[in-house]
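See below for the structure under consideration.
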Amino acid sequence: MPISKKFQNNSDLDSGEVERNLEKGQHFLKDKEIIEKEIAVADLSKKDRVIEIGAGEGNLTEKLVKKSGKVLAFEIDERYSEKLKKLKENYDNLEIIYDNALNYSWRDYSKIVSNIPYFLSEQLIKKSIEDGILEIVVIVGEKFGEILEKKESKIGVISNLFYEIDFIQKINKSCFLPPPRTNSWLIKLRRKEKLSSKEAFLASILGKKSKIKNALLYSLVERGKTKREARKIIEKKGFSKQVLEKPVSRITGRFLIKLAENFEKLD
């Protein structure tokens, strides 16, 4: 695919860099208007502590540090260390870690604003839920956007369980260098302040590190049932023994949807 003239400047990548970035899933957003849109949607203030994953050349990073109180930027490719080092010298509210962001706690931060490698999309949302991230503004692949919208797969159900999701803008693949295979979506996820009774029940199950049958049992107990009553409810539903013996980590989207549909009967 030919590169738009507006991308043909000194910061463009040579053919070798393009191949290496494709291998790493790195597609740098070069459209300045979309970067500005991303910053506007994030609605940043000096009270915000922000995480950026995949800082790259620092195009988004610089705008984040100007608007936020603290920015923690992750980048696994040290080829960009010189550019990021210069940026850090100018902003004392910027911290850069050259490592995998998934290996670190995000609990002291409130927002994530990133142009992430697409293969991290699901892991990013899961960790954001676990670490209490309040808002996420990211660009994801078109297919992952469809997963979030349809709410049929496990990650689709879980994402919509904990976050309100806004699809802000569809982005053409030509806005990236190198261009990805598909178009993208700029999305914003806002943590729900209060879960409904049904949502809280599902969240309780997902938060337990046990077999599905025990997670169901103790989630029902938390809702006021005795263990005996809870066991009877589970037995009456006729859930497959094979499914109930699985760890919660292997729960499927289909099973979560089934639980949601039968919530009143379980409760």
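The values are calculated or read from the model by the stated rules, or taken from the named source; none is laboratory data. Keep in mind it's a predicted model, so treat the numbers as computed, not measured. Cβ coordinates were reconstructed from backbone atoms using ideal geometry, including for glycine residues, and neighbour counts include every protein chain displayed.
To keep it simple, each residue is scored yes or no on (1) in contact with a strand residue (DSSP E or B) (Cβ under 7 Å, 6 or more places away or on another chain); (2) hydrophobic (A, V, I, L, M, F, W, C); (3) assigned by TED's automatic domain parsing to the domain that holds TYR163.
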residue: ALA55; (1), (2), (3): yes, yes, yes
residue: GLY58; (1), (2), (3): no, no, yes
residue: SER68; (1), (2), (3): yes, no, yes
residue: LEU72; (1), (2), (3): yes, yes, yes
residue: GLU78; (1), (2), (3): no, no, yes
residue: LEU84; (1), (2), (3): yes, yes, yes
residue: ASN103; (1), (2), (3): no, no, yes
residue: TYR118; (1), (2), (3): yes, no, yes
residue: ILE133; (1), (2), (3): yes, yes, yes
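What about LEU206, is it farther than 25 Å from TYR109 by Cβ, surrounded by 17 or more Cβ atoms within 10 Å (Cβ to Cβ) and out of contact with any Pro (no Cβ under 9 Å at 6 or more places or on another chain)?
Working: farther than 25 Å from TYR109 by Cβ: no; surrounded by 17 or more Cβ atoms within 10 Å (Cβ to Cβ): yes; out of contact with any Pro (no Cβ under 9 Å at 6 or more places or on another chain): yes.
For LEU206, the condition - farther than 25 Å from TYR109 by Cβ, surrounded by 17 or more Cβ atoms within 10 Å (Cβ to Cβ) and out of contact with any Pro (no Cβ under 9 Å at 6 or more places or on another chain) - is not met.
Can you confirm whether TYR118 is under 11 Å from the mean Cα position of the chain (by Cα) and aromatic (Phe, Trp, Tyr)?
yes
Okay, residues lined up against (1) under 19 Å from the mean Cα position of the chain (by Cα); (2) of a type in the set (A, V, I, L, M, F, W, C); (3) in a loop (DSSP other than H, G, I, E, B):
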residue	(1), (2), (3)
ILE187	yes, yes, no
LYS198	no, no, no
LYS209	no, no, yes
TYR218	no, no, no
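In a helix (DSSP H, G or I) and surrounded by fewer than 16 Cβ atoms within 10 Å (Cβ to Cβ), is that true of GLU193?
Values: in a helix (DSSP H, G or I): no; surrounded by fewer than 16 Cβ atoms within 10 Å (Cβ to Cβ): yes.
Considered against the rule, which asks whether it is in a helix (DSSP H, G or I) and surrounded by fewer than 16 Cβ atoms within 10 Å (Cβ to Cβ), GLU193 comes out as no.
Listed residues PHE167, PHE162, PHE201, PHE176; which is in the same structural domain as GLY224 (by TED's automatic domain parsing) and either of a type outside the set (Val, Ile, Thr) or within 25 Å of PHE263 (Cα to Cα) (or both)? Steps first, answer last, please.
Values: PHE167 fails: in the same structural domain as GLY224 (by TED's automatic domain parsing); PHE162 fails: in the same structural domain as GLY224 (by TED's automatic domain parsing); PHE176 fails: in the same structural domain as GLY224 (by TED's automatic domain parsing).
That would be PHE201, the only listed residue that is in the same structural domain as GLY224 (by TED's automatic domain parsing) and either of a type outside the set (Val, Ile, Thr) or within 25 Å of PHE263 (Cα to Cα) (or both).
Looking only at segment 89-110, how many residues end up being crowded, with 22+ Cβ neighbours inside 10 Å and either at pLDDT below 95 or under 19 Å from the mean Cα position of the chain (by Cα) (or both)?
Our first condition is that a residue be crowded, with 22+ Cβ neighbours inside 10 Å; within segment 89-110, this holds for 94, 101.
Next, from what is left, pick out any that are either at pLDDT below 95 or under 19 Å from the mean Cα position of the chain (by Cα) (or both): 101.
Adding up the residues that qualify gives 1.
Have a look at LEU64, LEU60 and point out the one that is out of contact with any Pro (no Cβ under 8 Å at 6 or more places or on another chain), under 14 Å from TYR109 (Cβ atoms), assigned to a helix (DSSP H, G or I) and of a type outside the set (Ser, Thr, Tyr).
LEU64
Here is a list: GLU135, GLU146, GLU130. Which entry is free of Cβ contacts under 8 Å to residues at least 24 places away in the same chain and under 27 Å from ILE96 (Cβ atoms)?
It is GLU130.
Which of the residues belonging to segment 233-249 are loosely packed, with under 12 Cβ neighbours inside 10 Å and assigned to a helix (DSSP H, G or I)?
Matches in segment 233-249: GLU235, LYS236, LYS241, GLN242, SER249.
Only residues that are within 15 Å of LYS188 (Cα to Cα) and surrounded by fewer than 19 Cβ atoms within 10 Å (Cβ to Cβ): list them for segment 130-161, please.
Residues satisfying the conditions are LEU134, GLU142, GLU146, GLU149, ASN160.
May I ask you to say which residue of TYR91, TYR98, TYR118 is aromatic (Phe, Trp, Tyr) and in contact (Cβ under 8 Å) with a residue 60 or more places away in the chain? Outline the logic, then answer.
Details: TYR91 fails: in contact (Cβ under 8 Å) with a residue 60 or more places away in the chain; TYR98 fails: in contact (Cβ under 8 Å) with a residue 60 or more places away in the chain.
It is TYR118.
Of the residues that make up segment 112-128, is at least one farther than 25 Å from GLU36 by Cα and part of a loop (DSSP other than H, G, I, E, B)?
Checked segment 112-128: no residue is farther than 25 Å from GLU36 by Cα and part of a loop (DSSP other than H, G, I, E, B).
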